[in-house]
Amino acid sequence: MQGYILKVQKVKDEDCLVTILSSHKQIKCYRFYGARHSIITQGFKLDFELIESKAFLPHLRSTMHLGFSWLIDREKLLIWQNFMRLLADHLRDVEDSDEFYFELVESCAKKFHRQNPIRVILEAYAKILKFEGRLHLDNYCFICDNPLSDEISLGRAFLAAHPICINKYILNKDDIMKFLSTGSTAHLDDNTIKSLYLILLEGF
Ligand SMILES: [Zn+2]
């Protein structure tokens, strides 16, 4: 099987719990420590086998990291691992995951080599909001329910509010609505991108 390593949690000694996103499932499995076992790193794509265990989680075996050339770029790897962590938290109670999520991660991994990684992740998140029916493009503040003006701020899930209602970075409403409705960040400058990324890090 193949999948992306969303999360690695150390348990006892050097054993760990590993969460993997495969095409239709989120798999939680157990990795026993062994000096000759290859290392499991969050964010990598993995080829693996599962050994079912009646009493406990399946055991992770015969693993092999499948590389992307950009994984040696420390800055890109950290951004990617943040994306994996956010996705793991978001899908934590989901066992049978829609293929949408795996396909999205695959397409992001392919884009990471050439494109700005923060833009790739923001554009992926706009797709997630749309797919899950959580995209709000209405002209009302989610805090006070009054109409928005040209300047807005965003809360979690990119919900729009008056800057004074939420006390966050001030953003241009038209730019943000264009981003959310098209899923493209091409018209946004780098400062706006950074602000959106910081909001995203608060959680999906
Ligand atoms: Zn308001």
Meets criteria (assigned by TED's automatic domain parsing to the domain that holds residue 22 and closer than 21 Å to residue 198 by Cα) for residue 141: no
Does residue 122 satisfy the condition of being away from the ligand (no atom under 16 Å from the Cβ), surrounded by fewer than 14 Cβ atoms within 10 Å (Cβ to Cβ), in contact (Cβ under 8 Å) with a residue 40 or more places away in the chain and outside the structural domain of residue 77 (by TED's automatic domain parsing)? no
Only one of these conditions is not met by residue 94: (1) under 22 Å from residue 18 (Cβ atoms); (2) in contact with a helix residue (DSSP H, G or I) (Cβ under 8 Å, 6 or more places away or on another chain); (3) among the aliphatic types (A, V, I, L, M). Which number is it? (2)
In region 125-167, what count of residues is obtained for those that are assigned to a loop (DSSP other than H, G, I, E, B) and either within 12 Å of the ligand (Cβ to nearest atom) or open to solvent by less than 30 Å² (accessible area, probe 1.4 Å) (or both)? 13
Subset of region 188-202 that is assigned to a loop (DSSP other than H, G, I, E, B) and surrounded by fewer than 17 Cβ atoms within 10 Å (Cβ to Cβ) - its residue that is farthest from the ligand (Cβ to nearest atom): 189
Set 87, 60, 77, 104: member being assigned by TED's automatic domain parsing to the domain that holds residue 6, open to solvent by less than 50 Å² (accessible area, probe 1.4 Å) and part of a strand (DSSP E or B): 60
Region 178-187, residues that are open to solvent by less than 50 Å² (accessible area, probe 1.4 Å) and of a type in the set (Ser, Thr, Tyr): 184, 185
Tell me, yes or no, whether region 170-177 has at least one residue that is away from the ligand (no atom under 12 Å from the Cβ), surrounded by 12 or more Cβ atoms within 10 Å (Cβ to Cβ) and at positive phi. no
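The values are calculated or read from the model by the stated rules, or taken from the named source; none is laboratory data. Only a predicted model underlies this, so the values are computations on that prediction, with no experimental measurement involved. We place every Cβ from the backbone using ideal geometry, glycine too, and count neighbours over all the protein chains shown. These area figures cover heavy atoms from the full protein model, side chains too; ligands, DNA and RNA do not enter into them. Shrake-Rupley method; radii C 1.70, N 1.55, O 1.52, S 1.80 Å.
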